[in-house]
Amino acid sequence: MKFKAVVAAAMLVAMGAGAVVAADEPQEVRQQMMKRVGGAMGAMAGIAKGEKPYDAEVVRTALTTIDEVSKTFPDYFPAGSDTGFETEASPKIWENMDDFKAKAAALGKEAETILASLPADQAGVGAAIGPLGKTCGACHELYRLKKN
Amino acid sequence: MVSRVAKASASVIVLGLGLAGAFYLATAPDALPESHWAGLGVPDLENGRRVFWAGGCASCHAAPGAKDDERLVLAGGLPLKSPFGTFYGPNISPDETAGIGGWTLAEFGNAMKRGVGAAGEHLYPAFPYGSYIRATDKDVNDLWGFLGTLPKSSNVAPPHDLPFPFNIRMGIGVWKFLYLTDAPRVALADADDRQKHGQYLVEGLGHCGECHTPRTELGGLIDAEWLAGAPNPEGEGRVPDITPGSKSIGSWSAGDIASYLETGFTPEYDSVGGSMVEVQRNMAMLPAEDREAIAAYLKAIPAR
């Protein structure tokens with residue numbers, strides 16, 4: 001019994017380690033982070049367009065996700081990670097790292113401001129995502145390059 | 001007695017002069033006559049505003065970093081990098097000395113549709129008259145009226161920074177001879193009115209092909225690869241294919257494209273990036289029917 005438990009634990013550790021290795025490359029970590037933000041925006045846009053019913057929890061979770069991502073996102077741009085894994089990161093990120101970090105922080109601050117007075121209905125969510133989208137664009141304008 | 005050698009030399013000289021003359025005629029600035037621009041009437045300023053945003057004037061002529069209403073001050077100075085050197089957007093505010101307030105409609109119209117400046121000189125095709133040549137005279141007149149209502153700026157933009165031979169404007173005449181045409185970029189069979197309007201906006205005012213279509217060595221757009229994507233003229237990366245064959249937007253519906261132009265969001269809620277951010281800001285200022293027309297046209301053109 002104990003043996004089985006040890007094997008199971010070892011397997012779990014191995015699987016966990018495997019998952020960590022696969023997602024360890026900073027290019028892939030940050031791509032996943034951006035996908036989470038896209039998912040959060042999509043969840044709110046579904047409500048804003050009336051495709052989904054208003055749900056305060058969905059809105060809160062989405063904004064919290066955006067806030068969390070913005071806090072650690074710039075940590076995944078170490079020197080040398082400007083190529084590989086289909087990254088669309090512009091070399092300008094490393095030339096202007098302070099500005100890049102400031103833009104990430106601005107997104108977090110914006111999400112927190114909206115969280116503080118949570119949009120209470122479909123129209124409120126619609127009014128919130130417009131400015132958020134502009135913040136996304138302001139950073140992507142300078143720091144993301146399409147490569148294919 | 002005139003020698004045979006002398007006669008032969010004379011023939012060569014005459015032939016040479018003839019060729020030089022033909023070359024001059026083919027490549028000299030070719031402005032439309034003053035009369036072409038007469039009788040267009042009082043400009044429709046609201047339509048002029050629409051032409052202004054469709055044409056993306058603010059993207060190159062507003063001061064670098066201008067936001068919101070500042071984008072209506074066409075002070076110039078924005079650098080536009082290209083493989084031929086760096087161009088600086090000129091001041092086109094209504095200021096009489098620093099801007100184009102002293103110009104006539106005919107001078108403005110000839111800049112827009114013939115690439116000829118007020119002094120009769122060739123303008124560089126970084127100013128996309130190769131697209132604007134498709135604009136109607138009415139739209140040019142309305143835009144001219146609208147530009148006159150904008151604030152004046154006394155800013156003097158830097159001169160273009162171009163290496164030899166691109167600093168010789170005569171070369172532009174050759175470029176025009178080879179590439180300047182108002183013919184449609186693609187033939188659309190049985191196009192409906194919406195698609196035709198989209199064609200007018202995309203091939204003309206919107207000048208989408210200037211970045212989304214690859215160019216020859218001499219800087220002419222390659223019609224066979226219309227909107228098929230091209231290297232980013234400003235450096236690294238690529239400007240994407242936007243035909244129905246595109247890996248990125250080929251699967252989008254016309255509604256997805258119109259929505260992207262309005263909100264800056266892709267169907268997956270990724271956001272617009274790069275130079276397209278500025279373009280999308282302009283497109284968002286247009287009436288919905290214009291964005292729908294652009295989308296309808298982009299779905300109708302040949303896949304690349």
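Numerical summary
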read-out	value
For B:G237: the one exception among (1) facing another protein chain (nearest Cβ under 7 Å); (2) open to solvent by 50 Å² or more (accessible area, probe 1.4 Å); (3) out of contact with any His (no Cβ under 9 Å at 6 or more places or on another chain)	(2)
Yes/no for A:A102 being exposed (fewer than 14 other Cβ atoms within 10 Å of the Cβ), modelled with pLDDT of 95 or more and either part of a helix (DSSP H, G or I) or within 14 Å of chain B (Cβ to nearest Cβ) (or both)	yes
Matching residues, segment B:289-304, being open to solvent by 50 Å² or more (accessible area, probe 1.4 Å) and at pLDDT 95 or above	B:E289, B:E292, B:K299, B:P302, B:A303
Selection from segment B:21-42 of residues that are within 16 Å of B:L178 (Cβ to Cβ) and surrounded by 15 or more Cβ atoms within 10 Å (Cβ to Cβ)	B:T27, B:A28, B:P29, B:D30
Considering residues of segment A:116-127 that are open to solvent by less than 60 Å² (accessible area, probe 1.4 Å) and modelled with pLDDT of 95 or more only, the residue farthest from the other protein chains (Cβ to nearest Cβ)	A:L118
Scan of segment B:164-186 for residues that are modelled with pLDDT under 95 and part of a loop (DSSP other than H, G, I, E, B), ordered by number	B:F164, B:P165, B:F166, B:N167, B:I168, B:R169
Only listed residue being away from chain A (no Cβ under 14 Å), closer than 20 Å to B:A284 by Cβ and in a loop (DSSP other than H, G, I, E, B), chosen from B:H207, B:H197	B:H207
Test: residue in segment B:51-62 that is touching a residue at least 40 places away in the same chain (Cβ under 8 Å), open to solvent by less than 20 Å² (accessible area, probe 1.4 Å), in the same structural domain as B:P159 (by TED's automatic domain parsing) and not hydrophobic (A, V, I, L, M, F, W, C)	yes
Boolean, A:G39 is part of a helix (DSSP H, G or I), over 16 Å from the mean Cα position of the chain (by Cα) and either within 12 Å of chain B (Cβ to nearest Cβ) or exposed (fewer than 14 other Cβ atoms within 10 Å of the Cβ) (or both)	no
Residues located in segment B:118-135, provided they are crowded, with 20+ Cβ neighbours inside 10 Å, farther than 19 Å from B:G219 by Cα and free of Cβ contacts under 8 Å to residues at least 60 places away in the same chain	none
Qualifying residue in segment A:56-73 (condition: among the polar types (S, T, N, Q), open to solvent by 50 Å² or more (accessible area, probe 1.4 Å) and within 14 Å of chain B (Cβ to nearest Cβ))	no
Filter result for the condition that a residue is among the polar types (S, T, N, Q) and open to solvent by 70 Å² or more (accessible area, probe 1.4 Å), over A:T87, A:T135, A:T113	A:T113
Failed item, numbered, when B:I249 is tested on (1) within 22 Å of the chain's Cα centre (by Cα); (2) open to solvent by less than 50 Å² (accessible area, probe 1.4 Å)	(1)
Segment B:190-218 residues that are over 24 Å from B:C57 (Cα atoms), paired with ones that are assigned to a loop (DSSP other than H, G, I, E, B) (beta carbon under 8 Å, 6 or more apart)	B:T216/B:I222
A:A45 vs. criteria modelled with pLDDT under 95 and either part of a loop (DSSP other than H, G, I, E, B) or over 28 Å from A:G130 (Cα atoms) (or both)	no
A:L107 being surrounded by 14 or more Cβ atoms within 10 Å (Cβ to Cβ) and modelled with pLDDT of 95 or more	yes
Filter result for B:G85 (in contact with a Ser or Thr (Cβ under 6 Å, 6 or more places away or on another chain) and over 28 Å from B:I294 (Cβ atoms))	no
Test: B:E292 is touching a residue at least 40 places away in the same chain (Cβ under 8 Å), out of contact with any Cys (no Cβ under 9 Å at 6 or more places or on another chain) and not basic (K, R)	yes
Breaking point among (1) touching a residue at least 60 places away in the same chain (Cβ under 8 Å); (2) crowded, with 18+ Cβ neighbours inside 10 Å, for B:R185	(1)
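The values are calculated or read from the model by the stated rules, or taken from the named source; none is laboratory data. The shown structure was predicted, so the numbers you read here are calculated from the model rather than taken from an experiment. Backbone-built Cβ (ideal geometry, glycine too); neighbour counts: all protein chains shown. In case anyone asks, the SASA skips ligands and DNA or RNA and just uses the protein heavy atoms, side chains included. Shrake-Rupley method; radii C 1.70, N 1.55, O 1.52, S 1.80 Å.
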